[in-house]
1. So which cysteines of the chain have no other cysteine's Cβ under 4.7 Å from theirs?
2. Debye calculation, C-alpha points only, no solvent: report log10 I(q)/I(0) for region 72-130 at q = 0.16, 0.26, 0.28, 0.30 Å⁻¹, in the same order as the q values.
3. Please state the charge dipole magnitude for the chain, taken about the Cα centre, from unit charges on C-beta atoms (+1 on K and R, -1 on D and E), reported in debye and rounded to the nearest 20.
4. Among Lys75, Lys155, Lys150, which comes first, then next, by fewest other beta-carbon atoms within 10 Å?
5. I'd like to compare 126-139, 158-171: which one has the highest average count of other Cβ atoms within 10 Å, and what's the full order after that?
6. In degrees, nearest 10, range 0 to 90: what is the angle between the Cα axis of helix 37-57 and the longest Cα principal axis of the chain?
7. Please compute, over every Cα-Cα pair in region 39-108, the percentage with a separation greater than 19 angstrom.
8. Counting only C-alpha contacts under 8 Å and six or more residues apart, can you give the relative contact order of region 5-225 as a whole percent?
Amino acid sequence: MVATEVWIARVDSDLGEVNRHWLDDTERARLNAFVAEAEYRRRLTAWCLRRHVMSSLCPSVSTHAWRFDYPSDGKPRLSSPFDLFGIEHNLSHAGQYVSCIVSGYACGVDVELLRDGISGLTDALTPEELDDVRRDSRPDERFLRYWTIKEAVLKMFGVGLACPLRAVRVRLASDGRAVDVEVPSRLSLSLRGGLVVDSWSLPGNHRLATACAIPIGTASPVLREWRGGS
């Protein structure tokens with residue numbers, strides 16, 4: 001079984017441009033559709049990070065050899081025959097960070113940049129969660145903990161924002177750890193193991209959260225940073 005790993009890379013590190021030759025024709029064509037420079041660099045870095053992580057798990061496959069499918073649910077998957085490795089993955093990017101989670105189980109990741117006033121997006125929270133945010137001394141940061149966890153959970157299920165964020169109920173401890181997560185019954189029926197979530201603070205006011213359908217009691221994934229090299 002593939003171990004669960006979480007990787008990050010900085011967009012301003014130029015890792016994307018240095019390793020752009022790893023990408024296939026489909027990825028290059030998709031990159032050319034992005035007019036905004038910031039979005040182009042985030043996607044480029046994320047896709048190069050994904051290839052680096054895949055080859056770190058499977059050294060027999062070169063970074064430029066991997067191929068990916070993009071189903072209608074928006075969750076990328078490994079193409080045949082690479083899907084035989086049994087690697088699930090998910091990507092996210094915001095601000096100056098991109099992230100990739102890999103696992104032998106369904107998984108999701110979300111990274112966001114903290115912005116003033118973000119806690120005003122109240123439609124994402126249940127009344128109990130909203131009360132918790134308003135009581136906190138740093139409401140915007142508390143809100144972002146909820147948001148990233150909910151996003152990661154929905155991305156793990158492959159439904160994205162087709163399911164309202166409010167439908168995922170999260171209970172946070174005073175230190176920000178998620179102590180309980182409830183999902184709609186139509187989603188929980190597809191869970192074969194437990195639902196484990198983790199959360200990290202990243203430099204520059206970024207917040208990262210992951211969700212993985214791994215058995216309860218399994219060790220939490222280690223956060224790794226790609227700084228260069230294949």
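1. Lacking a cysteine Cβ partner under 4.7 Å: Cys48, Cys58, Cys100, Cys163.
2. -0.71, -1.07, -1.12, -1.16
3. The calculated dipole for the chain is roughly 240 debye.
4. The order, fewest Cβ neighbours first, is Lys75, Lys155, Lys150.
5. Descending packing order for the listed peptides: 158-171, 126-139.
6. 70
7. 29
8. 20
Laboratory data are not the source of any read-out in this text; all were calculated from the coordinates shown. Keep in mind the model is a prediction, meaning the values are calculated, not measured. Note: ideal-geometry Cβ built from the backbone for every residue, glycine included; neighbour counts use all protein chains shown.
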